1. Just how much of HIS9 is accessible, in Å², when a 1.4 Å probe is used and the result is rounded to the nearest 10?
2. Tell me, what is the 1.4 Å probe accessible area of VAL4, in Å² to the nearest 10?
3. Using unit Cβ charges (K, R positive; D, E negative) and no other charged atoms, how large, in debye to the nearest 20, is the dipole of segment 22-103 about its Cα centre?
4. If each DSSP helix of 4+ residues adds -39,500 (n - 2.57) and the sum is divided by the residues in the chain, what number results at 222 nm, nearest 500 deg cm²/dmol?
5. Rounded to the nearest whole Å³, what is the per residue volume of the convex hull around the Cα atoms of the chain?
6. Under a cut-off of 15 Å between alpha-carbon atoms, report the aspartates and glutamates in cross-link reach of LYS8, not counting same-chain residues fewer than 8 places apart.
7. Which ³J(HN,Hα) values in Hz, rounded to whole numbers, follow from the phi angles of segment 115-121 under the Karplus curve 6.51 cos²θ - 1.76 cosθ + 1.60, where θ = phi - 60° and Gly and Pro get x?
8. I'd like the accessible area for LEU16: 1.4 Å probe, protein heavy atoms, all chains in place, Å² to the nearest 10.
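The values are calculated or read from the model by the stated rules, or taken from the named source; none is laboratory data. None of these values were measured; they are calculated from a predicted model. Note that each Cβ is placed from the backbone with ideal geometry, even for glycine, and that neighbours are counted across all protein chains shown. Heavy atoms of the whole protein, side chains included, go into the accessibility calculation; ligands, DNA and RNA do not. Shrake-Rupley method; radii C 1.70, N 1.55, O 1.52, S 1.80 Å.
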Amino acid sequence: MRLVDFIKHYWLIITLFILIAITALSLWPVAQLPKVPGTDKSHHFFAYGALILPLALRKPTHWLLIAFSFIVFSGLIELIQPYVNRYGEWLDMAANLAGLVCGIIIASIMEYCYKQAKNKI
């Protein structure tokens with residue numbers, strides 16, 4: 001219960017930190033492109049799942065609009081990446097979207113368990 005309370009209280013700071021980390025790691029120029037593109041889908045999935053989790057737990061006003069903006073952000077990152085010597089792949093965006101959806105589902109499960117535990121106290 002403390003973890004959920006912590007995330008709900010500091011959701012904005014956590015979300016902004018993860019968003020900045022995703023942006024930096026996605027746009028940091030690399031000296032050489034990896035030889036095989038498409039091996040990092042799990043990183044995309046987990047990063048965007050972590051990004052949405054605090055927002056989906058707290059559910060501030062217009063949280064779904066903010067979640068949609070993460071989808072747009074993901075697409076923009078993929079469009080920009082070829083200009084910083086990175087691969088821009090639409091399958092990365094699909095992994096990002098899947099991570100967002102799963103993050104929302106996990107947040108819903110956490111919220112349900114949190115309420116059940118609170119009712120038992």
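1. Roughly 130 Å² of HIS9 is accessible to a 1.4 Å probe.
2. Roughly 10 Å² of VAL4 is accessible to a 1.4 Å probe.
3. Approximately 180 debye in magnitude.
4. Details: 5 runs with 92 residues, N = 121.
So the calculated ellipticity at 222 nm is -26000 deg cm²/dmol.
5. Numbers: hull volume 11.7 nm³, N = 121.
For the chain, the hull spanned by Cα atoms encloses 96 Å³ per residue.
6. The reachable aspartates and glutamates, counting only those whose Cα sits under 15 Å from LYS8, are GLU111.
7. Values per residue, Gly and Pro as x: 5, 5, 5, 5, 5, 7, 7 Hz.
8. The accessible area comes out at roughly 80 Å².
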